[in-house]
Amino acid sequence: MGEKILVLDAGTTSTRAMLFDRRGRMESVAQAELTQHYPKPGWVEHDAAEIWEKTLGCMREAAGANASEIAAIGITNQRETVVAWDRDAGEPLARAIVWQDRRTAGSCAQLKEAGYEPELQKRTGLVLDPYFSGTKMRWMLENDDAVRAAAGTGRLAFGTVESWLVYKLSGGSHVSDASNASRTLLLGLDSGEFDQDLCELFGVPKASLPEVVDTHGKLANCAAEWLGRKIPICGLVGDQQSATIGQGCLSFGETKATYGTGAFVLTNNGSDLPRSDNRLLGTVLHQSEGTRTYAIEGACFVAGSLVQYLRDQLGLIGSASETEGLARSIESSGEVVIVPALAGLGAPHWLPDARGVISGLSFASGRAQIARAALEAMAHQTHDLCSAFAADGAPWKALRIDGGMSANDWMAQDLADILDLDVERPDFVETTALGAAICASVGAGIYGSLIEAAEAMRGDTQVFVPVMEESTRSDRLARYVRALSVA
């Protein structure tokens, strides 16, 4: 058996498979776009069968003739997205409800009004928001006849996307790793298990939920029918935790930000249970032999999807890569400010009903100003999080960035300027997939620890140093705060 690692990265807009060697070098990749379904305003759905079929196709393409050399499979995934399937037939019962979906805002508001949020945040590390999985499961049970019927006969299986893929790959293993399970509003952070009282609060049958397992170890087996031989699944980890591991943020206080569809910041909190007075989240970063390492997290729902919106909905750009040239073509955004609340506002505001704002428009405002303001919005949102982390006693010393948007040099420099911090970007920005490869390599015994694996598999980094004058920074942030007040 060889030492290659096959990573399945089931994201929001696409699913991929990537083959890595033991030094973290990517040898092959296959990718397929996923269909986005928007049946109503604020609703976002995926076809779980499509996720499985396209992931399987990518897996076979990326593995090619190398199946005999694959030591293990690692899976990373869009978190909070809920799949409901029939555990006997192994087929979806309804479309998956995506993490971006806001249909449960009303039920979250009712639970807040009833006073549940403080205790929920203490027990789960999370706030009451449609973002998380528990309210999605409740909605399915209340509104979908097939899901409700399966629950009544004991055939219902709920899971996030990694759980669904493992079920299909293994032919029936129903597991979820601790990092994904900690995003459901159903897991006790201190116990690491799904909590019966929380399940009853959300009306979710505990029997429908997966077994909670480590992020790395011998977790399940991929059946021989898919790649010609049985291969152990040795890494399972939610995408943002995976990127944190891929960035080597394995010591207390180290921080990363991923700029993909949304923007997600995680700070390693070690073995300490995360507690926030500023509406940040506590989550499991990784778990080994039942021992959990935690993280503090701040999530912004809209990042790269704002650029996609400018391209697909407004037609202002032909490709995302155009934004850097447009931003550099002008000296400033001309007081144009964008608050990208197209799916509500995440941390630290948590306003699901907030809507996007473009302010400061004049006849001098063109597509260059709007494109630059869209990139500036990334730094503004991140600054909100930076302030909240500092207020919670977790100030950032530097910020490691990754994700598709981080390849934009102008945006990376703007982040450094607005945060007044060094911003570090790895040469290999696909750290989400790399983190899953690191987990799987440790789970397979190729390396003895995550730290050892990260040191061996991470590459070089580029550092962006702040150069903006304080007066310019202050003026930018003041304009953003004014725009934020009307979102």
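Since every read-out is calculated from the coordinates, none of them should be taken as a lab result. Here the structure is a predicted model, which means the values were calculated and not measured. Quick reminder, even Gly has a Cβ in these numbers, built from the backbone with ideal geometry, and neighbours come from all protein chains shown.
Roughly how big is segment 4-239's charge dipole about its Cα centre, with Cβ charges of +1 (Lys, Arg) and -1 (Asp, Glu), in debye to the nearest 20?
Working: 26 positive and 33 negative charges, 90 e Å.
The calculated dipole for segment 4-239 is roughly 440 debye.
D for segment 4-239, whole µm²/s, Stokes-Einstein with Kirkwood Rh over alpha-carbon pairs at 37 °C and 0.692 mPa s: what number? Working shown, then result.
Values: Rh = 18.0 Å.
After rounding, the answer is 182 µm²/s.
Tell me, what is a quarter of the convex hull surface for the C-alpha atoms of the chain, in nm² with one decimal?
Working: hull surface 83.2 nm².
The number I arrive at for the chain is 20.8 nm².
Within 11 Å, Cβ to Cβ, of residue 222, how many net charges do the neighbouring residues add up to if Lys/Arg are +1 and Asp/Glu are -1? The partial results should precede the final answer.
On the way: positive: 168, 229, 230; negative: 225.
Local charge sum for residue 222: +2.
For segment 273-391, what is the Kirkwood hydrodynamic radius in Å, using each pair of distinct C-alpha atoms? Could you put the intermediate results ahead of the total?
Details: mean 1/r = 0.0628 Å⁻¹.
Kirkwood hydrodynamic radius for segment 273-391: 15.9 Å.
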Dimensionless Rg/Rh of segment 402-473, both radii on Cα and Rh by Kirkwood, sits at 1.14
Log entry: pair-distance distribution for segment 191-343, C-alpha pairs binned every 5 Å from zero, whole % per bin is 2, 7, 11, 13, 14, 14, 13, 10, 7, 5, 2, 1
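Semi-axes of segment 132-184's equivalent ellipsoid from the Cα gyration tensor, sqrt of 5 times each eigenvalue, largest first, rounded to whole Å?
Numbers: eigenvalues 79, 48, 11 Å².
For segment 132-184, the ellipsoid semi-axes come out as 20, 16, 7 Å.
Tally Lys/Arg at +1 and Asp/Glu at -1 over every other residue whose Cβ is under 13 Å from the Cβ of residue 189; what's the total?
Details: positive: 122, 123, 183, 275, 292; negative: 119, 190, 193, 195, 272, 297.
Residues near residue 189 contribute -1 overall.
Place the peptides 53-62, 94-103, 249-258, 193-202 in order of packing, highest mean first, counting for every residue the other Cβ atoms within 10 Å and averaging per peptide. Walk me through the numbers on the way to the answer.
Working: 53-62: 19.3, 94-103: 22.9, 249-258: 21.0, 193-202: 16.1.
Descending packing order for the listed peptides: 94-103, 249-258, 53-62, 193-202.
Rank-order 465-472, 234-241, 338-345 by packing density, defined as the average count of other C-beta atoms within 10 Å over each peptide's residues, highest first.
Numbers: 465-472: 10.9, 234-241: 31.6, 338-345: 23.6.
Peptide ranking by packing, descending: 234-241, 338-345, 465-472.
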The distance between the Cα centres of segment 389-457 and segment 41-58, in whole Å, is 27 Å
The value for segment 439-487 (convex hull of the alpha-carbon atoms, volume per residue, Å³) is 143 Å³
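Which length gain, in nm to one decimal place, applies between residue 69 and residue 21 when the Cα-Cα distance is subtracted from 0.36 nm times their residue separation? Can you show the working numbers first?
On the way: separation 48, 0.36 × 48 = 17.28 nm, distance 0.97 nm.
That pair, residue 69 and residue 21, stretches by 16.3 nm at full extension.
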Stokes-Einstein, Kirkwood over Cα pairs, segment 22-123, 4 °C, 1.567 mPa s; D in µm²/s equals 76 µm²/s
Taking a straight Cα-to-Cα line shorter than 13 Å from residue 206, and setting aside same-chain aspartates and glutamates fewer than 8 residues away, one finds 193, 195, 197
At q = 0.28 1/Å the base-10 log of I(q)/I(0) from the Debye formula over the alpha-carbon atoms of segment 1-47 is -0.98
tail above 20 Å in the computed P(r) of segment 323-397, as % of all Cα-Cα pairs, reads 41 percent
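Please work out how much length the chain gains when fully extended from residue 155 to residue 456, using 0.36 nm per residue of separation minus the C-alpha to C-alpha distance, in nm with one decimal.
104.0 nm
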The relative contact order of the chain, taking Cα pairs under 8 Å that sit 6 or more residues apart, comes to a percentage of 15 percent
Between residue 213 and residues 5 or more places away or on another chain, the pairs with built amide H atoms under 5 Å apart involve 176, 177, 178
Scalar couplings 3J(HN,Hα) for segment 8-14 by Karplus 6.51 cos²θ - 1.76 cosθ + 1.60 (θ = phi - 60°), nearest whole Hz, x for Gly and Pro, are 9, 10, 8, x, 7, 9, 7
If each part is reduced to its alpha-carbon centroid, segment 248-273 and segment 99-154 end up apart, in Å, by 26 Å
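Provide the net charge surrounding residue 236, with neighbours chosen by a C-beta distance below 9 Å and charges set as Lys +1, Arg +1, Asp -1, Glu -1. Mind showing how you got there, number by number?
On the way: positive: none; negative: 162, 177, 214.
Once all neighbours under 9 Å are counted, the net charge is -3.
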Mean projected area (nm²) from the convex hull of Cα positions in segment 46-105 is 5.5 nm²
Computed over segment 4-239, the relative contact order (Cα-Cα under 8 Å, seq sep at least six) in percent reads 20 percent
Here the membrane-span-like helices of the chain, with no claim about any membrane, defined by DSSP H, Cα axial extent at least 27 Å and mean Kyte-Doolittle at least 0.0, are 367-391
A student asked for the Cα radius of gyration and Dmax of segment 336-487 in angstrom ought to give 18.2, 62
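Report the extension gain between residue 477 and residue 335 in nm, rounded to one decimal, defined as 0.36 nm multiplied by the number of residues separating them, less their alpha carbon distance.
Values: separation 142, 0.36 × 142 = 51.12 nm, distance 1.11 nm.
Stretched fully, the residue 477-residue 335 segment lengthens by 50.0 nm.
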In this structure, among 54/218; 122/397; 136/230; 136/397, pairs with alpha-carbon gaps over 29 Å are 136/230; 136/397
